[in-house]
Every structure is written in structure tokens, then in C-alpha cells.
Amino acid sequence: MENTSATPISPKKPSSVRHTRAIQRDRSKRPVATAPDLVVAQRLSDLVQPFTFSQVAHFHDLGLRERTLTLPVMVALVLSMIWRQIGSVSTLLHLLNEEGFLWTAPVQVSEQALSQRLRVFPAVLFRDVFLTLVPTLRQRAQARQRPLSRELAWAQAHFSAVLAADGSTLDALIRKVGLLQDRPDTPLAGRMTALLDLCLRLPRQIWYEEEAAAHDQRHWPQILAAVPAGALLIVDLGYTNFTLFAQLTLAQTTFMTRAKTNLVYQVARVLHQTPDARDQVVWIGAGNTRQQLRLIEVRVGATWHRYLTNGLDPDRLPPAYAVALYGQRWRIEDAFNAVKRLLGLAYFWVGSVNGVELQVWATWLLYAVLVDLTDAIAEVLERPFDALSLEMVYRSLYFFTSAYQRGLATDPVAYLAAKAERFGILKRKRKGARTSRLHNLALTFAAEP
């Protein structure tokens, strides 16, 4: 008898191209957002403008001639384009001709000149503005007095920095402009890697790679160079590399990652063991990569979660804190989501690699400014950053602008803090929320063998 049972078909992965088309249509059809009020615009100008003008000398060193669209004009233009979610170059041109942006007065240029400038203006200048601004924002964040989650507060007291690194692929370049006009396919816009400070929620470094299929580990050398000694670095499974793990240990950097299911190891000693938790020092690798690491395993329900770290001393890195800190790695995914979905780094105005990279740096710069604003609100509320929604802070600026225009508010931090619960800036607690994972794991590891 013939077997008529059908082979199960795995669900088809959603197309990123269709997703990008939806974003493109939404951005091109929505009305132009009004300019931010003078207070918000001034806050943005005060933070960014000095670092923009500090790069003018570099602008000249690159052999670029002073034209109408100078570095200060281009920075003001691109930041406004992203902040206001402007959907087309033609709309951008009208606003530039009629209104100007931030610290830039109206400028008369042609659409051809503007499009060309967006394609070829050196992205390295935007990168340098970003990299010179971030240390100042880090100092502002470190000076603030607002609580941290229990595990981050503990880690901040024991490590020089608590960092997470990860990569994310950018969406498809489906707009047939510039260099894409003759291409039959819809190439992806590349790949970016971020190094995020988990306590401050600010990016320390961003790297852009034109090749969208590039492996996460391509940026390991840059990550090693950017992580300070004494730091805790948290990475995902894709960064597993025994040679690099040994280099991190030599650099006095503690790392944490997930352990692969097929990890081959030999147990050197058992530090702790119960039916639901194991903490062991193990040997991994062979030859020059043979080294001792710590394997922490915890069973939650029917699933075992396994983590590797070179923090061999359980007194310096208790297992409950280790596992809870790995859960904080998700904050870098939140950052990617905010950059790509909230601030629009899934929609590209130009098709050149330089133009895409320019937009990458400008978007991350605005993300850092938005983090600074959210952190200031958290300080006023005396709440952890994680208790606030960065997205709702961004969206609630509309209400501050309306209140400012009616003479009812002058300070966006004070206004949004006062309205935080009403506007959804303070995240609502879910009904029936479970006890924190950190508490459960602490009980698990405190249990008697």
C-alpha cells in the first residue's frame, strides 16, 4: 500500500524585501513631520553642533572644497531627515530650501546636487562626529544618579565596564537609484556590529561592513582593541572562538557566552551541583587553544541553559549573577530594534555604499542622543533605565512640542517625567509577572546538593 503521509514542510521565512517595501511605502506616503520645537532642537544642537564644527579641519584635510552643502549643513540635514522621518529626497529639498534644519538657515540647491551629495559625501566625517560625541554622553550618564537593576549594579562594582557585542544585517536596498539602477537583484545594505555599554545603554563603538553575509567574528580584532582591561564582555553563540577566548583571558577581560550543544570538554573540578544546576571548571580546545573555562548549567523547566566564561572564581563571578547578566545581553537587541525600526535604519535614501554608511552613523548618533534624554528622565523619576520605554520617549516629544507651543512647558525632561505614566514612558507591569529570573537562580544555586 502506498504511503500517503506528507513530509512536514517547515514554515517559510518571511521576506525581508517585502518588509522593506512596506516600510518604504509607509515612509514615502506619510505627511511631513513638523519641525521639533526650539527647546528640543536646541538640545540636539547643543550636543551635536560643537563636535560637527570640530571636524571641519578634517573636512579640509580630505581635500573637499567649501560648497553650499558643507559639513555642518550636511550633518544638520541628515540628522533632521532621520529624526523627522522624511520619506524622500524631494521633500527634504523643499524643507532645506524653505526652512533649513537645526543650526542651518534655508539653503538653495538643486535636487541633483543634493542627491549627489548624499551619495558621495564622506561617511567618515559622520563617523568621527559620532565617535567624538559618545565619550561626552558617557560622562553625562556616569554623573547621573539613578538606580540600576540588581545584577548590573553588582557588575558595575566588580568590573571596569559591562559590555555586549553583536551584529545585525541591514535591510534590502530595493530603491533603484544611483549605482543600483542596472542591478537585477535587491542587495542587502550591509551589516553592522555594535559594542554596547549595558549600564549606560550607550554604544561604545559601531562598525559597518559592506558585505551583508559577513560573519560576526570578522570584527573580533576591533572588539578586542575596544574592550578595556577588567571589563565583562557578553557575546552570543556566534562569537565562539577558542583562540579569541584565550586572547581575552590574556587581556584580563572576563567574557560570557552560551555553550554549544556539541561542546567537547573534560571536567577538571566540580564547584557546585544539584539536580537543577551545575557549576564546573572544564578543559576545552586542543593544542594552543587548550584552556580552562567555567561551564555553568541551569535547568529552567525542561530546558538546560549552558554558559561559558573564563571567570573561574565563583566568588568573583557568582553563578546566579553570571546567568542573570547574560540575560542583559538582550539590551543590544533592543538597541538594534530602536535603530532599525524606530529611527528608520530599514529605509535608505541612496544606493551607494558610502550613502548607506553615512546613514548608519547618523542614525546611531541620534540613538545616543535619545538614550541621553531617556536617561535624564530616568534620573528625575529615580527609576532604572530599563523601567522606561525609549520608544515612547521619542514618540511623546510630539506632546511636549504641543505643550511648548501653548506655553505650558519649557523643559522636555521635566515635562515627560511628569507625564511618564500617562504617555506610557514608564513600562506597565504585566499581570501575573513571575519572580525575577535572578531570584529563582539564586535560590537554585543556594540549594543544598
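The values are calculated or read from the model by the stated rules, or taken from the named source; none is laboratory data. What you are looking at is a predicted structure, and each value in this text was computed from that prediction instead of being measured. Don't worry about glycine lacking a Cβ; one is built from the backbone with ideal geometry, like all the others, and counts go over all protein chains shown.
Brief remarks on what is shown
- With respect to (1) farther than 19 Å from Ala155 by Cα; (2) outside any helix (DSSP H, G or I); (3) of a type outside the set (Val, Ile, Thr), the lone exception for Leu195 is condition (1).
- Qualifying residue in segment 412-434 (condition: at pLDDT below 65, surrounded by 11 or more Cβ atoms within 10 Å (Cβ to Cβ), hydrophobic (A, V, I, L, M, F, W, C) and not in a helix (DSSP H, G or I)): no
For (1) more than 14 Å from Lys427 (Cα to Cα); (2) surrounded by fewer than 22 Cβ atoms within 10 Å (Cβ to Cβ), each residue gets a yes or a no:
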| position | (1), (2) |
| --- | --- |
| Leu345 | yes, no |
| Ser352 | yes, yes |
| Thr363 | yes, no |
| Val369 | yes, yes |
| Ala378 | no, no |
| Asp386 | no, yes |
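- Helices (runs of 4 or more DSSP H) lying entirely in segment 1-108 (those with 2 or more residues that are modelled with pLDDT of 60 or more, under 26 Å from Arg406 (Cα atoms) and within 23 Å of the chain's Cα centre (by Cα)): 38-53, 71-83
- From the list Leu179, Leu200, Leu148, Leu173, the lone residue that is at pLDDT 95 or above and not aromatic (Phe, Trp, Tyr) is Leu200.
- Subset of segment 198-231 that is without any contact (Cβ under 8 Å) to a residue 60 or more places away in the chain, assigned to a loop (DSSP other than H, G, I, E, B) and among the small types (Gly, Ala, Ser) - its residue that is surrounded by the fewest Cβ atoms within 10 Å (Cβ to Cβ): Ala213
- Residue count, segment 273-310 (criterion: closer than 21 Å to Trp154 by Cβ, among the small types (Gly, Ala, Ser) and surrounded by fewer than 21 Cβ atoms within 10 Å (Cβ to Cβ)): 0
- Filtered by the rule that a residue be assigned to a strand (DSSP E or B) and out of contact with any helix residue (DSSP H, G or I) (no Cβ under 7 Å at 6 or more places or on another chain), segment 306-324 gives Arg306, Leu308.
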